[in-house]
Amino acid sequence: MVVEDDPIVRRSLVTCLQRLEIPVLAVSSCFQANEEQEKEPADLVITDMHLPDGNGMDLLKGFRKANPLLEVIIITGFGTIESAVEAMKLGASNYLLKPFTTSQVELAIAQIAHHKELREENAILKTELAAQVESSSLLSVSPEMGEVQKLIARVAPTNATILIEGESGTGKEVIARTIHEKSLRADKPYIKVNCAAVPENLLESEFFGHERGAFTGATMKREGRFELANGGTLLLDEITEISLPLQSKLLRVLQEHEFERVGGSRTMKVDVRIIATTNRKLTEAVAKGLFREDLYYRLHVVPIKVPRLAERQGEVEYLLNKFLEKFARQHNKAVPKVSAIALDQLAQYAWPGNVRELRNYAERAVILANGDGELSFSDIFPSHITPAQDAVFGDGKAFPTLGEVEKRLIYLALKSTAGNRNEAANLIGINVRTLRNKLKEYEGKIAGDDKAEVEDEEAAESVEK
Ligand SMILES: Nc1ncnc2c1ncn2[C@@H]1O[C@H](COP(=O)(O)OP(=O)(O)OP(=O)(O)O)[C@@H](O)[C@H]1O
Ligand SMILES: [Mg+2]
């Protein structure tokens, strides 16, 4: 937003911003500026110091209060240079001294874009660092996971592309990180793209970066994740979520190790080791035409199938104790003991959210433990699930399959959260995407299945509403 009462200066600023392909709105008073900012907040405000109904400084103060990250450039005459200094102290991003040239405006904006990028990069690095500190090493005792550990040790030192397949919460990301840490690239960058979390239209630029002006808002060139990962490892998390056109671009990087930035013509070469994860069956996505077969084979060089927690012998008890110790240390509490009966019951449970679910319950149990006595099954499970155990485990006559228990648990979670998918997913420790996929799977089955499914269908419908 440009706030300037002098029509000539105003027009020249607007032209300049339009040339940079930055959407711009121009007003000539504080009143209008406030009104517009309330309607549709701008990310950058360029304001004159002297306005007919107030001054730029007050605008700056008000705007920054509402949005601390708002960028403000103050326009000032030679006589008011002190107030420009004052404005910078109040958090203005930059100032323009009248008369100014187009290139000075461009420079001021480029600096802001650069800062903004650094800030965002910094935020990403911080969360990655936090995840690293938080990241536990891959714990396991079961023979099933022993096989996975052996495979990791064998493939880590190679440059082979790895595809990690497993249900939500089975530890795919922990495995990916372990592979990087045991590889010859361990001291090189480890970069992650969550393909499901980045909006479709931004994913290509996230992967490959963009040149300045590649699209609206691309005020600066930006390096993509492939460039950032050069020499190291790139984790493509939830790979099934990428669109077919982007899949072909990805295939090219895997085959030729080269790509172009969005809006660029220069071919970039990179040396990146790819690890991809998926919690859906990739072969199914291929069969449905949602995933390129050639890309599948490229990724499938070394597949690692991560077993569900319920399929790992002896692991529930082992991991539970490890997590109880960890969280007890973290929350400065005594490590709770778990009763033998509870351990037995836990070993029977289906663990649809796998290790993540176990970990969440362990933390909760540590926080709620009152210090003495052993933990029972219901101490570990949230109370709104315990009374409904029957609904999940069945009436005890016939032993349910894991699939049935999982399904019942998901519908139960949905019922207890009045159909809120996010909360339901949280409750049982899976991500909402997995929950959605499961529901789709169940709904697909209903048509050909017996009457027992009708109740579930109704539940599913009420969820949709
Ligand atoms: N074997 C393990 N040892 C220690 N911690 C584990 C293990 N497996 C999983 N975890 C922990 O469980 C949580 C979920 O693991 P992770 O994020 O790797 O799962 P995921 O398979 O990537 O799940 P999603 O498909 O939902 O992304 C994390 O907090 C992770 O630290
Ligand atoms: Mg994951």
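Descriptive notes on the structure:
- If the condition is being among the charged types (D, E, K, R) and either open to solvent by 40 Å² or more (accessible area, probe 1.4 Å) or within 16 Å of ligand 2 (Cβ to nearest atom) (or both), then segment 303-325 contributes LYS305, ARG308, GLU311, GLU317, LYS322, GLU325.
- Condition check for LYS182 on (1) within 16 Å of ligand 1 (Cβ to nearest atom); (2) surrounded by fewer than 18 Cβ atoms within 10 Å (Cβ to Cβ); (3) within 19 Å of the chain's Cα centre (by Cα): one failure, at (3).
Residue-wise test of (1) farther than 19 Å from VAL253 by Cβ; (2) open to solvent by less than 30 Å² (accessible area, probe 1.4 Å).
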{"position": "PRO157", "(1), (2)": "yes, no"}
{"position": "GLY166", "(1), (2)": "yes, yes"}
{"position": "ILE175", "(1), (2)": "yes, yes"}
{"position": "GLU200", "(1), (2)": "no, no"}
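- GLU4 satisfies every condition listed in (1) within 19 Å of ALA108 (Cβ to Cβ); (2) free of Cβ contacts under 8 Å to residues at least 40 places away in the same chain; (3) charged (D, E, K, R) except (2).
- Some residue of segment 129-139 being within 25 Å of GLY314 (Cβ to Cβ) and at pLDDT 90 or above: yes
Condition check ((1) in contact (Cβ under 8 Å) with a residue 40 or more places away in the chain; (2) farther than 30 Å from LEU254 by Cβ) across all residues:
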{"residue": "VAL302", "(1), (2)": "yes, no"}
{"residue": "GLN313", "(1), (2)": "yes, yes"}
{"residue": "PHE327", "(1), (2)": "yes, yes"}
{"residue": "LEU343", "(1), (2)": "no, yes"}
{"residue": "ALA347", "(1), (2)": "no, yes"}
{"residue": "GLU357", "(1), (2)": "yes, yes"}
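- Candidates THR233, THR216, filtered to the one that is β-branched (Val, Ile, Thr) and either within 14 Å of ligand 1 (Cβ to nearest atom) or in contact with a strand residue (DSSP E or B) (Cβ under 8 Å, 6 or more places away or on another chain) (or both): THR233
- Of the residues in segment 243-251, at least one is part of a loop (DSSP other than H, G, I, E, B), on the phi < 0 side of the Ramachandran plot, open to solvent by less than 80 Å² (accessible area, probe 1.4 Å) and polar (S, T, N, Q).
The values are calculated or read from the model by the stated rules, or taken from the named source; none is laboratory data. Since this is a predicted model, take the numbers as computed values, not measurements. Using ideal geometry, Cβ is built from the backbone for each residue, glycine included, and neighbour counts are taken over all protein chains shown. For accessibility, only protein heavy atoms count, side chains too; no ligands or nucleic acids. Shrake-Rupley method; radii C 1.70, N 1.55, O 1.52, S 1.80 Å.
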